[in-house]
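*Asks:* Below are the C-alpha coordinates for one structure; questions will follow.
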Amino acid sequence: MHLDPLAIVTAFGLIFLAELPDKTMFASLAMGTRMRPLYVWFGTSSAFIVHVAIAVGAGSLIGLLPGWIVKLVSASLFAFGAFMLLRNGGGDDEEEGGTKTVTGFWPVYSTAFMAVFISEWGDLTQITTANLAASNGTWSTAIGSAAALMSVSALALLAGRFIAKRVPLKTVQRIGGLCMLGLAIWTLVEIFTG
(Lines give C-alpha, C1' and ligand atoms only; values in the text may rest on other atoms or scores of the structure.)
Protein backbone atom coordinates (compact mmCIF):
# COMPACT_ATOMS: atom_id res chain seq x y z
CA MET A 1 0.00 0.00 0.00
CA HIS A 2 1.60 3.22 -1.19
CA LEU A 3 0.23 6.56 0.04
CA ASP A 4 0.95 9.68 -1.95
CA PRO A 5 0.42 12.82 0.19
CA LEU A 6 -0.14 14.97 -2.91
CA ALA A 7 -2.84 12.57 -4.17
CA ILE A 8 -4.54 12.65 -0.76
CA VAL A 9 -4.53 16.47 -0.70
CA THR A 10 -5.73 16.62 -4.32
CA ALA A 11 -8.61 14.23 -3.65
CA PHE A 12 -9.53 16.07 -0.45
CA GLY A 13 -9.55 19.48 -2.13
CA LEU A 14 -11.53 18.45 -5.21
CA ILE A 15 -14.11 16.38 -3.33
CA PHE A 16 -14.50 18.94 -0.53
CA LEU A 17 -15.25 21.73 -3.00
CA ALA A 18 -17.57 19.53 -5.08
CA GLU A 19 -19.55 18.40 -2.02
CA LEU A 20 -20.05 21.86 -0.45
CA PRO A 21 -22.98 22.89 -2.66
CA ASP A 22 -24.32 19.32 -2.89
CA LYS A 23 -27.82 18.33 -1.80
CA THR A 24 -26.49 15.82 0.75
CA MET A 25 -24.74 18.67 2.57
CA PHE A 26 -28.08 20.44 2.91
CA ALA A 27 -29.79 17.20 3.94
CA SER A 28 -27.16 16.74 6.67
CA LEU A 29 -27.75 20.29 7.85
CA ALA A 30 -31.52 19.71 8.00
CA MET A 31 -31.19 16.37 9.82
CA GLY A 32 -28.72 17.89 12.28
CA THR A 33 -31.22 20.53 13.40
CA ARG A 34 -33.73 17.93 14.56
CA MET A 35 -31.69 14.80 15.31
CA ARG A 36 -28.62 14.26 17.44
CA PRO A 37 -25.80 15.57 15.18
CA LEU A 38 -23.21 12.98 16.20
CA TYR A 39 -25.59 10.13 15.28
CA VAL A 40 -26.34 11.79 11.95
CA TRP A 41 -22.61 12.21 11.32
CA PHE A 42 -21.95 8.52 12.01
CA GLY A 43 -24.70 7.61 9.52
CA THR A 44 -23.59 10.00 6.78
CA SER A 45 -19.92 9.15 7.27
CA SER A 46 -20.61 5.42 7.02
CA ALA A 47 -22.54 5.95 3.80
CA PHE A 48 -19.76 8.13 2.38
CA ILE A 49 -17.13 5.49 3.25
CA VAL A 50 -19.17 2.81 1.49
CA HIS A 51 -19.52 5.04 -1.58
CA VAL A 52 -15.81 5.83 -1.64
CA ALA A 53 -15.03 2.10 -1.43
CA ILE A 54 -17.41 1.39 -4.30
CA ALA A 55 -16.07 4.29 -6.35
CA VAL A 56 -12.42 3.37 -6.00
CA GLY A 57 -13.06 -0.36 -6.23
CA ALA A 58 -15.46 -0.47 -9.13
CA GLY A 59 -16.02 2.93 -10.72
CA SER A 60 -17.72 1.31 -13.69
CA LEU A 61 -20.47 -0.04 -11.41
CA ILE A 62 -22.07 3.43 -11.31
CA GLY A 63 -22.87 3.26 -14.98
CA LEU A 64 -24.80 0.01 -14.55
CA LEU A 65 -27.44 1.52 -12.26
CA PRO A 66 -30.51 3.08 -13.91
CA GLY A 67 -30.15 6.74 -12.97
CA TRP A 68 -33.85 7.52 -12.94
CA ILE A 69 -34.57 4.80 -10.38
CA VAL A 70 -31.82 6.04 -8.07
CA LYS A 71 -33.11 9.60 -8.36
CA LEU A 72 -36.72 8.52 -7.76
CA VAL A 73 -35.80 6.72 -4.54
CA SER A 74 -33.65 9.68 -3.49
CA ALA A 75 -36.53 12.11 -4.16
CA SER A 76 -38.85 9.89 -2.11
CA LEU A 77 -36.46 9.94 0.85
CA PHE A 78 -36.13 13.72 0.68
CA ALA A 79 -39.93 14.05 0.45
CA PHE A 80 -40.34 11.76 3.48
CA GLY A 81 -37.81 13.88 5.42
CA ALA A 82 -39.72 17.03 4.45
CA PHE A 83 -42.98 15.46 5.57
CA MET A 84 -41.50 14.48 8.93
CA LEU A 85 -40.02 17.92 9.56
CA LEU A 86 -43.10 19.86 8.45
CA ARG A 87 -45.53 17.52 10.24
CA ASN A 88 -43.71 17.77 13.57
CA GLY A 89 -43.44 21.52 13.14
CA GLY A 90 -42.32 22.03 16.72
CA GLY A 91 -44.39 23.48 19.49
CA ASP A 92 -44.15 25.69 22.53
CA ASP A 93 -43.55 22.65 24.72
CA GLU A 94 -40.20 21.88 23.02
CA GLU A 95 -37.02 22.10 25.04
CA GLU A 96 -35.20 25.41 24.84
CA GLY A 97 -32.15 25.50 22.64
CA GLY A 98 -33.60 23.08 20.09
CA THR A 99 -31.41 20.17 21.18
CA LYS A 100 -34.17 17.65 21.79
CA THR A 101 -33.35 14.31 20.26
CA VAL A 102 -35.98 12.85 17.93
CA THR A 103 -34.98 9.16 18.21
CA GLY A 104 -32.23 6.84 19.40
CA PHE A 105 -28.95 6.00 17.74
CA TRP A 106 -30.04 3.27 15.32
CA PRO A 107 -33.09 5.06 13.84
CA VAL A 108 -31.11 8.29 13.32
CA TYR A 109 -28.06 6.40 12.01
CA SER A 110 -30.15 4.37 9.54
CA THR A 111 -32.07 7.43 8.31
CA ALA A 112 -28.88 9.42 7.74
CA PHE A 113 -27.09 6.44 6.18
CA MET A 114 -29.90 5.63 3.74
CA ALA A 115 -30.50 9.26 2.77
CA VAL A 116 -26.85 9.70 1.79
CA PHE A 117 -26.27 6.17 0.47
CA ILE A 118 -29.13 6.33 -2.02
CA SER A 119 -28.76 9.96 -3.07
CA GLU A 120 -25.01 9.75 -3.72
CA TRP A 121 -25.23 7.08 -6.44
CA GLY A 122 -23.73 8.51 -9.60
CA ASP A 123 -23.09 11.83 -7.86
CA LEU A 124 -20.31 14.12 -9.09
CA THR A 125 -18.16 13.31 -6.05
CA GLN A 126 -18.50 9.56 -6.62
CA ILE A 127 -17.60 9.89 -10.30
CA THR A 128 -14.70 12.21 -9.44
CA THR A 129 -13.46 9.74 -6.83
CA ALA A 130 -13.57 6.91 -9.36
CA ASN A 131 -11.64 9.03 -11.88
CA LEU A 132 -9.04 10.10 -9.33
CA ALA A 133 -8.54 6.50 -8.19
CA ALA A 134 -7.74 5.48 -11.75
CA SER A 135 -4.98 8.06 -12.06
CA ASN A 136 -3.77 8.88 -8.52
CA GLY A 137 -3.91 5.58 -6.68
CA THR A 138 -6.65 3.77 -4.83
CA TRP A 139 -5.68 4.25 -1.19
CA SER A 140 -4.59 7.87 -1.47
CA THR A 141 -7.79 8.78 -3.30
CA ALA A 142 -9.94 6.82 -0.85
CA ILE A 143 -8.40 8.53 2.19
CA GLY A 144 -8.61 12.03 0.70
CA SER A 145 -12.16 11.58 -0.63
CA ALA A 146 -13.54 10.02 2.57
CA ALA A 147 -11.94 12.73 4.72
CA ALA A 148 -13.41 15.46 2.51
CA LEU A 149 -16.94 14.01 2.52
CA MET A 150 -16.90 13.45 6.29
CA SER A 151 -15.58 17.00 6.83
CA VAL A 152 -18.36 18.58 4.78
CA SER A 153 -20.95 16.55 6.70
CA ALA A 154 -19.41 17.67 10.01
CA LEU A 155 -19.47 21.32 8.88
CA ALA A 156 -23.12 21.03 7.87
CA LEU A 157 -24.02 19.48 11.22
CA LEU A 158 -22.13 22.17 13.16
CA ALA A 159 -23.93 24.86 11.17
CA GLY A 160 -27.23 23.11 11.87
CA ARG A 161 -26.52 23.01 15.61
CA PHE A 162 -25.46 26.70 15.59
CA ILE A 163 -28.66 27.67 13.79
CA ALA A 164 -30.82 25.53 16.08
CA LYS A 165 -29.44 27.35 19.16
CA ARG A 166 -30.24 30.81 17.78
CA VAL A 167 -33.45 30.31 15.84
CA PRO A 168 -36.71 28.92 17.31
CA LEU A 169 -37.02 25.17 16.68
CA LYS A 170 -40.36 25.57 14.90
CA THR A 171 -38.78 27.97 12.38
CA VAL A 172 -35.76 25.70 11.89
CA GLN A 173 -38.02 22.71 11.28
CA ARG A 174 -40.12 24.60 8.75
CA ILE A 175 -37.05 25.85 6.88
CA GLY A 176 -35.45 22.39 7.03
CA GLY A 177 -38.69 20.81 5.80
CA LEU A 178 -38.92 23.29 2.94
CA CYS A 179 -35.26 22.61 2.04
CA MET A 180 -35.90 18.86 2.02
CA LEU A 181 -39.03 19.41 -0.10
CA GLY A 182 -36.97 21.54 -2.47
CA LEU A 183 -34.36 18.78 -2.70
CA ALA A 184 -37.11 16.24 -3.47
CA ILE A 185 -38.46 18.44 -6.26
CA TRP A 186 -34.96 19.16 -7.56
CA THR A 187 -34.20 15.43 -7.73
CA LEU A 188 -37.50 14.73 -9.53
CA VAL A 189 -36.71 17.46 -12.06
CA GLU A 190 -33.32 15.82 -12.67
CA ILE A 191 -35.14 12.61 -13.68
CA PHE A 192 -36.96 14.39 -16.51
CA THR A 193 -34.19 16.77 -17.58
CA GLY A 194 -31.14 14.51 -17.16
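The values are calculated or read from the model by the stated rules, or taken from the named source; none is laboratory data. Remember, it's a predicted structure, so these values are computed and weren't measured experimentally. For neighbour counting, all protein chains shown are included, and Cβ atoms are generated from backbone atoms with ideal geometry for every residue, glycine included. The protein model used for the area step is the full one, side chains on, heavy atoms only, and it has no ligands, DNA or RNA in it. Shrake-Rupley method; radii C 1.70, N 1.55, O 1.52, S 1.80 Å.
*Asks:* Would you mind counting up the charge near Asp123? Only other residues with Cβ under 12 Å from its Cβ, with Lys and Arg at +1 and Asp and Glu at -1.
*Replies:* Details: positive: Lys23, Lys71; negative: Glu19, Asp22, Glu120, Glu190.
Here the count lands on -2.
*Asks:* Could I ask something else about it? Within the range 27-47, list the residues whose amide N lies under 20 Å from a label point set 7 Å along Cα→Cβ of Thr171.
*Replies:* What the label zone holds, given the 20 Å backbone N cut-off, is 29-35.
*Asks:* I've got another one for you. Once the piece of chain linking Asp4 and Trp68 is laid out straight, how much longer is it, given 0.36 nm per residue of separation minus the C-alpha distance between them?
*Replies:* Separation in residues times 0.36 nm, less the Cα-Cα distance, equals 19.4 nm.
*Asks:* Lys and Arg at +1, Asp and Glu at -1: add these up for the other residues within a Cβ distance under 14 Å of Ile15 and post the number.
*Replies:* Its environment carries a net charge of -4.
*Asks:* Provide Val56, Val9, Val167 ordered by accessible surface of protein heavy atoms (probe 1.4 Å), highest first. Let's see the in-between values first.
*Replies:* Working: Val56 30, Val9 95, Val167 50 Å².
Putting Val56, Val9, Val167 in descending order of accessible area: Val9, Val167, Val56.
*Asks:* Given a Förster distance of 22 angstrom, what is the FRET efficiency for Arg87 paired with Trp186, based on the Cβ-Cβ distance and rounded to 0.05? Spell out each step's value before the answer.
*Replies:* Values: r = 21 Å, r/R0 = 0.95.
So the FRET efficiency works out to roughly 0.60.
*Asks:* Please report the net charge: other residues with Cβ closer than 15 Å to the Cβ of Gly43, K and R +1, D and E -1.
*Replies:* That sum, taken over residues with Cβ under 15 Å, equals +1.
*Asks:* If you don't mind, another one. Which of the three applies to the range 119-173, rounded, prolate or oblate, going by the alpha-carbon gyration tensor with a ≥ b ≥ c and a/c under 1.5 meaning rounded?
*Replies:* prolate
*Asks:* Continuing with the same structure: Step through the residues of the range 127-138 one at a time and calculate ³J(HN,Hα) from phi using the Karplus curve (6.51 cos²θ - 1.76 cosθ + 1.60, θ = phi - 60°), rounding each to whole Hz and writing x for Gly and Pro.
*Replies:* Listing the rounded values in order: 5, 4, 4, 4, 5, 5, 4, 5, 10, 10, x, 5 Hz.
*Asks:* Next question, about the same structure. Run the quick spin-label model on Leu155 and Ser135: label points 7 Å from Cα toward the beta carbon, then report their separation in nm to one decimal.
*Replies:* 2.3
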